[in-house]
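The values are calculated or read from the model by the stated rules, or taken from the named source; none is laboratory data. Since this is a predicted model, take the numbers as computed values, not measurements. With ideal geometry, Cβ positions are generated from the backbone for all residues, glycine too; neighbour counts draw on all protein chains shown. Heavy atoms of the whole protein, side chains included, go into the accessibility calculation; ligands, DNA and RNA do not. Shrake-Rupley method; radii C 1.70, N 1.55, O 1.52, S 1.80 Å.
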Amino acid sequence: MASWLLRRPWRYSNIFLQLPPSSLYSNQNLNTAIIQIWRRHDVASAFQLLKPWSTSCHLSTTPYSARIHETHSNFNPAAPSSGITATSQGIPPKSLPVYTPPRIGLLSYLPKPIVPYAELIRLDKPTGTYYLFFPCLFSTLIAATMATPITTPSAVVGATTLFLTGALVMRGAGCTINDLWDRNLDPHVARTRLRPIARKAISAKAAILFTSGQLLIGLAVLLSLPFECFWYATPSLLFVATYPLAKRYTNYPQFVLGLTFSWGAMLGFPALGVDLLTNQPALTSAALLYSSNVAWTVLYDMIYAHMDIEDDAKVGIKSIALKHDKETKAVLTGLAVIQVALLASTGVVAGMGPIFFAGSCGSAVATLGTMIWRVNLKDVKDCWWWFKNGCWLTGGGIALGLVGEYFAQAHGLYKGEENSGRD
C-alpha cells in the first residue's frame, strides 16, 4: 500500500507518509481509509475514518494539506493494536465541523429538499442582496428628482420594489454561478467547505438548471420595467459570469465585483423615463454614481476578503486583501475618499441641495471613517460584523439623505429659498 501511495501525486499523501510503514501494510482498515480519501478527496470523512488510530495523534488541517504531528523517535513498534503511537508536540487538534441542518431562522421552516437551494442563494445571509440593491435605490431617487415633472412617490416605490426583487433573484444567481466556478476550491476553504455544491448536496447539473430558472425570473422582473432597462442591464451578465475567474487571474477581483454590483446605479434613470443618451446631466450623474459605488464595493469587499485571507493564500485565490495586506487601512481610506468625492460630484451635477450633502455625503464620511478606524482585520468575526452592518450604516445613511432630498424637492422646499434670494 505504501508503494501504491507513493506512486500517486496526491496532495493529502503526507498524512500517511509520516506514519510507520508497518501500519500501512498491516492495518486493512487504514488502507481502506487511504482509498476513501483517494476516491473522494474528502479530508473530513478521512479524519472520521482515522479516529480509531489517532487518539494519541494531533491532527491539524489546512485548505490543501493535513498533517499528523508525530515524534518518530518515540514510536514503539510493540504498541498495541492501533500500530500508531505519537507524542504531542504541543499543537492542539483542529476538528473540522460537520454539516448540520439549520434549526433556527428562516431556513429551519423550509422543506428539507429546498434547504440546500436556499443555502445556495444565501437566503439566510441577505447582506449581499442589500449591497446589490442600494445602487439601484440611489439611482432611482436621484433620477426621481431629475425627471420632468418630478416622479411621483408611487412610481418611485414601484420601481424600488422591482429592483429589490431583481436584486434578490440576481444575487442568488450570482452566488450559484460563483459556487459552480469554485466547486473544486470551496471544499478546501474553512468558511465555504460546507456550501451545498462543495458538500455534494447539489450536483453541478442541478445547479446549472437552477441558475437557468433564476435567470428567467430575473428576466421577467427586468421586463416589468420600461424596455430601455433591458438594454442597459444585459451587459452586466458578462461581469456576473466572469467575476469568479477574476479571483484566479488578478489581484483585484474586488474591482470586477464592483463593476458587477454597482450596475444598478445606471438602471434607476431609464426605469423612471430619464433618457441617459439625450440627457447629459443625467448621464454624467449616472457615471459618477456608478464609479462611487464601485469604490464602495471594493472597500467593503476588501474587509470581507480578510476573513479568508489565510485560506485564499493557500489555495491560490487572489484578492486585494492579500496584495495589500500590510497597508489595508490606507487603501480603505483612499477608497472612502474616492467614494465620497464621487458621490458629492454626483450631487453637484444632479442639482442636489443641502439635505443630500449633509445627509448622504456627511453620513458616508462618518460611517466609513468609523468602520475603517475600528475594524479589526485580524478578527474574522469583527470583519463580518462590519461588513454586515456597514451595509446599513453607510448605504442606509446615503439612502436616507436621498429620500430627504427627494421630498424636499417634491414639496418645493428650495424654491422658497431661491425666491427669497432673488428679492
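Computed over protein heavy atoms with a 1.4 angstrom probe, the accessible surface ordering of 405, 327, largest first, is 327, 405. A quarter of the convex hull surface defined by the alpha-carbon atoms of the range 186-257 gives 6.2 nm² as the mean projection.
With all projection directions averaged, the alpha carbon convex hull of the range 290-423 covers 8.8 nm². Hey, which lysines would be in cross-link range of residue 323, C-alpha to C-alpha under 24 Å, not counting anything within fewer than 8 residues on its own chain? Qualifying lysines at Cα under 24 Å: 247, 314, 378, 381, 388. In terms of the mean number of neighbouring beta-carbon atoms within 10 Å, the peptides 256-263, 192-199, 208-215 order highest first as 256-263, 192-199, 208-215. Just going by the charge dipole of the range 181-238, with Lys and Arg at +1 and Asp and Glu at -1 on Cβ, which of 232, 215, 184 is farthest out on the positive end? Of the options given, the answer is 184. Dividing the Cα radius of gyration of the range 230-341 by its Kirkwood radius returns 1.05 for Rg/Rh.
In this Cβ point-charge picture (+1 for Lys and Arg, -1 for Asp and Glu), the range 222-346 has a dipole of about 240 debye about its Cα centre. Simple spin-label estimate for residue 348 and residue 184 gives 5.0 nm between the two label positions (7 Å along the Cα-to-Cβ direction from each Cα). A probe of 1.4 angstrom, applied to the heavy atoms of all protein chains, finds residue 152 with accessible area near 70 square angstrom.
In the context of the full protein assembly, residue 361 retains an accessible surface of approximately 10 Å², using a probe radius of 1.4 Å and ignoring ligands and nucleic acids.
Rolling a 1.4 Å probe across all protein chains gives residue 379 an accessible area of roughly 60 Å².
Extent of the range 117-164 along its three principal axes (Cα atoms, max minus min coordinate, largest first): 44, 16, 10 Å.
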